[in-house]
Structure formats: structure tokens, C-alpha cells
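Any read-out appearing in this document is the output of simple, stated calculations on the displayed coordinates, not a laboratory observation. Keep in mind the model is a prediction, meaning the values are calculated, not measured. Here the Cβ is made from the backbone with ideal geometry for all residues, glycine too, and neighbour counts use every protein chain on show.
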Amino acid sequence: MAAIDDKITKLETQLKQAKAQRQKVEARKRAATSKMTRQQDTRKKILVGAAILAKVERGEWPKEKLLAMLETTLTRADDRALFDLQAPATEPAFLDDVDPDTVDIPKLVTLPRS
């Protein structure tokens, strides 16, 4: 009986190892697929950008239209600098001419408890 229990334990261990090996293989496949997808996405973006820039350079697409699109799309300061766009505002535009020393800031009001 002990021999059978030992054999069962050995087979269960082998099964666990085989399942772990299968999980590793599947994880590698998923990682490779994910990497390929990211590479393809990056390549698409580069090709689309190159096509649009070529059209702008040939005068087939207005540069103003490209800059307007980039103005609304790009948010990072270093990305915007590549196209000579102003850095994004850090405060809402309605606060541009406001002096913080002259603005009345509402005080916290505490209401009595009922």
C-alpha cells in the first residue's frame, strides 16, 4: 500500500511540475504577443506621423491644421516643445490676471449641529 501511495505522490508532484511548466510557456507566449502588439502599434504611429509630415512638407496638408491638432492633443511640455507649442497652462485661463493677494478666499463655515 505504501508503494502505491508513494507512486501517487510522485505522479502528483510530476503533474504539478508539468502544470507549472505549461503556465511558464503560456506566460512567455502572452508576453511575446504583447511585445509584438506594442511594436506594431509604435510602427503604425511612426508611419502615420511620417505620412502626415510628408504631406505637410509637400503642401498637400496645411501646417496650421497639423499644429491645431497637436495643440489639442499634446499635453507633455517636452512633446509640445518639439513643435514649438507653448507649454500647457498650469492654471485655468480665467485665473491668468488674478492677483492671489487681492482675492477673497471664502472661510470655512461651521454650522451648528441639531
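Quick notes on this structure:
- Directionally averaged projected area (convex hull, Cα atoms, the stretch 2-87), nm²: 8.8 nm²
- The local environment of Thr72, defined by Cβ-Cβ distances under 12 Å, has a net charge of +1 under the rule Lys, Arg +1 and Asp, Glu -1.
- Model label points for Ala3 and Arg28, set 7 angstrom from Cα along the Cα-to-Cβ axis, are 3.8 nm apart.
- Full-extension gain in nm, Glu57 to Gln86, via 0.36 nm per residue minus C-alpha separation: 8.2 nm
- Distance between the pseudo-spin-label points of Lys45 and Leu67 (7 Å out from Cα toward the beta carbon): 2.4 nm.
- Farthest positive-ward along the stretch 2-87 dipole, Cα basis, beta-carbon charges - from Leu85, Ile46, Leu15: Leu15
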